[in-house]
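These notes concern the structure reproduced below.
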Amino acid sequence: DAEEYQPPIWKSYLYQLQQEAPRPKRIICPREVENRPKYYGREFHGIISREQADEILAGVEGAYILRESQRQPGCYTLALRFGNQTLNYRLFYDGKHFVGEKRFESIHDLVTDGLITLYIETKASEYISKMTTNPIYEHIGYATLLREKVSRRLSRTKNESRKASVTSEENTPVEKITSLVRRAALTQNDNHFNYEKAHNFKVHTFRGPHWCEYCANFMWGLIAQGVRCSDCGLNVHKQCSKYVPNDCQPDLKRIKRVYCCDLTTLVKAHNTQRPMVVDSCIREIEARGLKSEGLYRVSGFTEHIEDVKMAFDRDGDKADISASIYPDINIITGALKLYFRDLPIPVITYDTYSKFIEAAKISNPDERLEAIHEVLMLLPAAHYETLRYLMIHLKKVTLHEKENFMNAENLGIVFGPTLMRPPEDSTLATLNDMRYQKLIVQILIENEDVLF
């Protein structure tokens, strides 16, 4: 039963080391220092030499003072006693205190974090260098997908296939969900469209003790101890993040909107083959708009298109875009084009853009088609599937050219800059490439049965 699932045993060695690290001891200056910066306290000793700082801190592990440089007045130094020697760090302030990448609200926090880091790196440098070599990640899958998420997903799967599942007492009881079974369940039942997706890691400050879900070791320090995937919630060391596979399973609770969301992230979060916006809009357009004159060329009212966008962001696949709400089909076509324009990475990705443009420049039609086909194979799976589905739809639009006056060339003019943008934001490059963008989409529509 999913409820019986227990997280793995985390490795506590680094946590114990953090507990043993020296505590900061602020050495207060016995006299009042003139011109003391307002953001420093009585630990500031004014202009003194390294030798004087060394004498003040001698013999007290974790002791620290701040001083102004003799050589460079106006520059400040943190002098810190660690490992029976005085360490000096150039100190900066920009609203927060820092000596490196991390920024702290107080000098005390900076010193606390520094002592923890120095102590752990001194005692366990070899251990840390080997942390990523024997990860638990392959064995446990996501530690983030714990009891609640697993229970929800598995119960939903059971309900959908109740007849086929083991429900009788006579049958073998369902195994306790080991991590391997759990990961297999997620792969088979909850991710029908197995698109590869990299994690979206961002530096994160964890409140309370946290362990890395890749190597199972403690994430030490006071702030910015590691990184968290903003799409699925995976928590790992910064150095471990380089080794995590591209197997992010976005969590719907973390995906705040539909428009402007990365295409692969959206389809994996909703467990769909294509973005639901594309499916819903195309279904509506094919039901009532294929013969509409100037389809995709004629614009709908901008505010109504924004309404559709907000409906998808708010309601997802439950958004009502029917004729009773939006009788003008151009609002729906506008919403679909806006979705493609708003993608952070276009359907035809930045990585493949130049290859598509080069393929379009080939004069021999057969060679050009072959080259375009090769570049299509380089698209991420979700992008490829979305493009394939759209081209099948646009081919249907051209079959009604007599009524809607939209042939493949006209649609290429509309969709070229919508589906592909140059990686560098250059107006000149965009203008130079427009005819090739149009040509690419035109060829994709005319040859969708061959290319896809």
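The values are calculated or read from the model by the stated rules, or taken from the named source; none is laboratory data. Just so it is clear, the structure is predicted and the values come from calculations on it, not from any experiment. Quick reminder, even Gly has a Cβ in these numbers, built from the backbone with ideal geometry, and neighbours come from all protein chains shown. Note: accessible area is taken over every heavy atom of the protein model, side chains too, but ligands, DNA and RNA are not part of it. Shrake-Rupley method; radii C 1.70, N 1.55, O 1.52, S 1.80 Å.
Observations
- Top-ranked residue in region 356-367 [being in contact (Cβ under 8 Å) with a residue 60 or more places away in the chain and not small (Gly, Ala, Ser); ranked as surrounded by the most Cβ atoms within 10 Å (Cβ to Cβ)]: Phe356
- Filtered residues of region 412-431 (kept if in a helix (DSSP H, G or I), free of Cβ contacts under 8 Å to residues at least 24 places away in the same chain and either aliphatic (A, V, I, L, M) or under 17 Å from Thr352 (Cα atoms) (or both)): Pro417, Leu428, Ala429, Thr430, Leu431
- For the residues Val244, Val278, Val258, Val267, the requirement of being touching a helix residue (DSSP H, G or I) at 6+ places or on another chain (Cβ under 8 Å), part of a loop (DSSP other than H, G, I, E, B), aliphatic (A, V, I, L, M) and over 23 Å from Ser129 (Cα atoms) singles out Val258.
- Residue match in region 48-61 (condition: of a type in the set (Val, Ile, Thr), part of a helix (DSSP H, G or I) and either open to solvent by 70 Å² or more (accessible area, probe 1.4 Å) or out of contact with any Pro (no Cβ under 6 Å at 6 or more places or on another chain) (or both)): yes
- The sole residue among Tyr326, Tyr353, Tyr339 that is open to solvent by less than 70 Å² (accessible area, probe 1.4 Å) and assigned to a loop (DSSP other than H, G, I, E, B) is Tyr326.
- Condition met for Gly100 (in a loop (DSSP other than H, G, I, E, B), in the same structural domain as Glu20 (by the TED database), open to solvent by 20 Å² or more (accessible area, probe 1.4 Å) and on the phi > 0 side of the Ramachandran plot): no
Condition check ((1) at pLDDT below 95; (2) touching a helix residue (DSSP H, G or I) at 6+ places or on another chain (Cβ under 9 Å)) across all residues:
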| position | (1), (2) |
| --- | --- |
| Ala21 | no, yes |
| Arg36 | yes, no |
| His45 | no, yes |
| Tyr64 | no, yes |
| Pro73 | yes, no |
| Asn84 | yes, no |
| Leu87 | no, yes |
| Leu91 | no, yes |
| Leu110 | no, no |
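- Filter result for the condition that a residue is of a type outside the set (Phe, Trp, Tyr) and out of contact with any His (no Cβ under 7 Å at 6 or more places or on another chain), over Gly221, Gly226: Gly221
- Breaking point among (1) surrounded by fewer than 22 Cβ atoms within 10 Å (Cβ to Cβ); (2) in contact (Cβ under 8 Å) with a residue 12 or more places away in the chain; (3) not polar (S, T, N, Q); (4) not in a loop (DSSP other than H, G, I, E, B), for Lys253: (2)
- If you go through region 399-410 and keep only what is buried (at least 18 other Cβ atoms within 10 Å of the Cβ) and not aliphatic (A, V, I, L, M), you end up with Asn404, Asn410.
- Tyr93 being open to solvent by 20 Å² or more (accessible area, probe 1.4 Å), among the aromatic types (Phe, Trp, Tyr) and farther than 30 Å from Gln239 by Cα: no
- Index of the failed condition, Ile413 passing every other in (1) more than 31 Å from the chain's Cα centre (by Cα); (2) under 15 Å from Tyr296 (Cα atoms); (3) β-branched (Val, Ile, Thr); (4) open to solvent by less than 50 Å² (accessible area, probe 1.4 Å): (4)
- Yes/no for Tyr40 being part of a loop (DSSP other than H, G, I, E, B) and touching a residue at least 12 places away in the same chain (Cβ under 8 Å): yes
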